[in-house]
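Enquirer: Let me begin by handing over the structure; questions about it come next.
Bear in mind these aren't lab numbers, they're just calculated from the coordinates by the rules spelled out. Note that the structure is a prediction, hence the values are computed from the model and not measured. Because the Cβ atoms are built from the backbone with ideal geometry, glycine has one as well, and the counts that use them run over all protein chains shown.
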Amino acid sequence: MASEEIRFFLPGPTYVTEEVRRAMTGPMIGHRSAVFKALYTSITPRLQQVTRTTGDVMLATSSATLVMESAILSTVRTEVLNLVCGAFSERWHAISQMVGRQADRVSVPWGEAVDPELVRSALRRKRYEAVTLAHNETSTGVINPLREIAEVVHEESDALVLVDAVSSLAGAPVEVDSWGLDVVLASSQKALAVPPGLTVFTLSERAAEQVAGVDNRGFYTDLLRYRDKHRAAGTITTPALPIFYALDRQLERIVDEGMEARWERHRELQRLTARWAEANGFEYASAENARSPTISCLTPPAGVASPDLVQALAKQGFTIGGGYGEWKPTTLRIGHMGEVREQDLEGLFGAIEEILASS
Ligand SMILES: Cc1ncc(COP(=O)(O)O)c(C=O)c1O
């Protein structure tokens, strides 16, 4: 665990420890060199541990959104179903439409999780090549029942399951193999606690077969191109080398902590936040059965404007997230993921209490 005190609680990017930041100063090396291949092949098994797969785990030099777009371009010829419960799951729908696919949506109100039975009904009405969802909806602090949704998709169809695990991977259970997830993607700057610039993603064998039958997948957006280069321990283009060094160092920390322990630490941070919120007049904006272990989206007590509170905290050196999109004026978001520990959150809560007491 970090010995540094953390005062940075954005829902991404998250706090990066000093040793991981320092790792980025490693030398430039050729990305087709033996040294890079050794670095790459040492990273792969640890990414498999994080994503719980024995299959391929790739790295894209991009933020997650490019891999979302790539996943649609690579796996869907025409019909895709987008499960929408907030701004980031909505992004899957926007991308699907913008690249000209026939995109249907199943939506639930902001603050709620997607009910697997809604997915079942949609799949009984029509055949889809893929179903998209955001495992953890960062705009609302909602975690979706991914395992159950994937189960329903497999029971009802042969559609691929495309999962945005951007703000859940390494902070909540994501079981690629045992839950049958076809593409899982997560950018480096959330619960992985690495600087932004890389996206980790998986591609199942059956997804790879489906990709092979899709035309016009682009160059930077072709998931099979990544897969083939990956199998030769390489990347499709010049990679963001400093972030590879950071990831390499941070994966040591993650594996040392252990996935189960890391998930439990995040769940405990959420419980701590819930106890503090209740005692201090803050309410969860997300439904009780769907609270995210990595982000708490809260409504402040009556008379407290969340943008003012965010600003007052900034003056004291604490960073939290404001509300997102349509919830901007009414909520705030505390990212308790990555390397955050209980004592860090307690420091934040103390600062909030002081601000409220003096206002
Ligand atoms: C759930 C979720 N999906 C997608 C994204 C977009 O990720 P990126 O900015 O890495 O493209 C974010 C960013 O916050 C997110 O939280």
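Enquirer: How large is log10 I(q)/I(0) at q = 0.07, 0.15 Å⁻¹ when the Debye formula is applied to the Cα atoms of the chain, each weighted equally and without solvent?
Expert: The Cα Debye sum returns log10 ratios of -0.29, -1.27.
Enquirer: Could you identify which residue out of Ala71, Ala159, Ala279 has the top mean-square fluctuation in a GNM of the chain using Cα springs shorter than 10 Å?
Expert: The residue that fluctuates most here is Ala279.
Enquirer: Here's another thing I want to ask about it. Relative contact order of segment 1-107: what whole-number percent is it, with Cα pairs under 8 angstrom and at least 6 residues apart?
Expert: Computed over segment 1-107, the figure is 15 percent.
Enquirer: Follow-up. Looking only at Ile72, Ile43, Ile295, which one moves most when the chain is put into a Gaussian network model with springs between Cα atoms under 10 Å?
Expert: Ile43
Enquirer: Around Pro196, with a cut-off of 13 angstrom between Cβ atoms, what is the net charge of the other residues, counting Lys and Arg +1 and Asp and Glu -1?
Expert: Neighbourhood net charge equals +2.
Enquirer: With the cut-off at 1.5 for a/c, could you classify segment 44-163 from its C-alpha gyration tensor as rounded, prolate or oblate?
Expert: Judged from the Cα gyration tensor, segment 44-163 comes out rounded (a/c under 1.5).
Enquirer: Once you list every other residue whose beta carbon is under 15 Å from the beta carbon of Ala64, what net charge do they have if Lys and Arg are +1 and Asp and Glu are -1?
Expert: -2
Enquirer: Under 5 Å between amide hydrogens, which residues at least 5 positions from Asn82 or on another chain qualify, with H placed 1.01 Å from N in the peptide plane?
Expert: When sequence neighbours closer than 5 places are left aside, the close amide H contacts are Asp104, Arg105, Val106, Thr132.
Enquirer: Further question on the same structure: Of the candidates Arg32, Arg91, Arg101, which one comes out as most mobile in a Gaussian network treatment of the chain with C-alpha springs shorter than 10 Å?
Expert: The residue with the greatest mean-square fluctuation here is Arg32.
Enquirer: For an R0 of 25 angstrom, estimate the FRET efficiency from the Cβ-Cβ distance between Arg275 and Lys315 and round to the nearest 0.05.
Expert: 0.45
Enquirer: Going by a ≥ b ≥ c, the root eigenvalues of the Cα gyration tensor, does segment 141-186 fall in the rounded group (a/c under 1.5), the prolate group (a/b larger than b/c) or the oblate group?
Expert: In terms of gyration-tensor shape, prolate.
Enquirer: For every other residue with a beta carbon closer than 15 angstrom to the beta carbon of Tyr128, add +1 if it is Lys or Arg and -1 if Asp or Glu, then tell me the sum.
Expert: Every neighbour counted, the sum reads +2.
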